[in-house]
Amino acid sequence: MKAVILRDLGGPRQLRYEEVHIPEPKSGEVLVRLKHAAINRRDLWITHGMYPGLKLPSILGADGAGEVVALGDDVQDIPLGCSVIINPALNWGEHLAYYGPGFSVLGMPTDGTYAQYVTVPSQNVYVKPAYLSWKEASALPLAGLTAYRAMITRGCVQKGETVLIPGIGGGVALFALQLAVLKGANVFVTSGSEDKLEKAKMLGAKGGVELSFGALGQGFEKRDGRG
């Protein structure tokens, strides 16, 4: 199969498109033929060595969606040909609010979704809803789950509460905005881009403030030593 592999650090230009063996699912795993994979900032950080637990070479890619084409031993509840979304949170642990000691994210150190095929534990695949396109399904898990745990599991946002989301425009921030709006919260956002603020209002934000590093720096300068 074809895969995108990182063998050396130094940025995304170090990624290589190579031919590798199709992995075989172990007991409790499934083999997924990828339809689409999505990029996350995590993948960029890894290429620069800015991520804990680095192990190379590795096939990057946490997010993806595709079809189950092979089953490992002891997998009985997932039919072949099933369209699935991959949950990249491996070995999360028993507690919903925080991960356990065995937790890792798919796509380094475990080979990920920048390939034609990937093996994952059977409990980490979920049937893809028909209303989601392959592209939408592949971009949902990592950012969506991060936002859900922050906003719902840990934050316990309630109707009528006020939520501030800084730096709107990134994947996690946009998911957090939509989740908070669905919960009935009053959401306000910040960004250095007027276009992103307008997009956030279209998604339900009550308002937004345009900020920039320059403006913030001037604000701090004015306050420095002057009360």
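Quick notes on this one:
- Any hit, the stretch 152-169, residues being part of a helix (DSSP H, G or I), within 19 Å of Asp63 (Cα to Cα) and out of contact with any Lys or Arg (no Cβ under 6 Å at 6 or more places or on another chain): no
- Scope the stretch 107-150; condition in contact with a Pro (Cβ under 9 Å, 6 or more places away or on another chain), within 14 Å of Ala89 (Cβ to Cβ) and open to solvent by less than 30 Å² (accessible area, probe 1.4 Å); matching residues: Gly107, Gly112, Thr113, Val120, Asn124, Pro141
- Pairs meeting the criteria (first residue in the stretch 137-150 and more than 18 Å from Phe103 (Cα to Cα), second residue of a type outside the set (A, V, I, L, M) and open to solvent by less than 60 Å² (accessible area, probe 1.4 Å), beta carbons under 7 Å, at least 6 apart or on different chains) are Ala137/Lys128; Ser138/Asp63; Ser138/Gly64; Ala139/Asp63.
- Single residue of Val181, Val172 found to be in contact with a Ser or Thr (Cβ under 7 Å, 6 or more places away or on another chain), at pLDDT 95 or above and in a helix (DSSP H, G or I): Val172
Let's see how each residue does on (1) among the aliphatic types (A, V, I, L, M); (2) closer than 17 Å to Leu145 by Cβ; (3) within 18 Å of the chain's Cα centre (by Cα):
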residue: Gln14; (1), (2), (3): no, no, no
residue: Ala38; (1), (2), (3): yes, yes, yes
residue: Arg42; (1), (2), (3): no, yes, yes
residue: Asn91; (1), (2), (3): no, yes, yes
residue: Tyr98; (1), (2), (3): no, yes, yes
residue: Phe103; (1), (2), (3): no, yes, yes
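- Where strands (runs of 3 or more DSSP E) fall wholly inside the stretch 52-148, the ranges with 2 or more residues that are farther than 23 Å from Lys2 by Cβ are 125-127.
The values are calculated or read from the model by the stated rules, or taken from the named source; none is laboratory data. From a predicted model like this one, the values you see are computed outputs, not experimental measurements. Every residue, glycine as well, gets a Cβ built from its backbone with ideal geometry; the counts of neighbours run over all protein chains shown. Note: areas computed on protein heavy atoms with side chains; ligands, DNA, RNA excluded. Shrake-Rupley method; radii C 1.70, N 1.55, O 1.52, S 1.80 Å.
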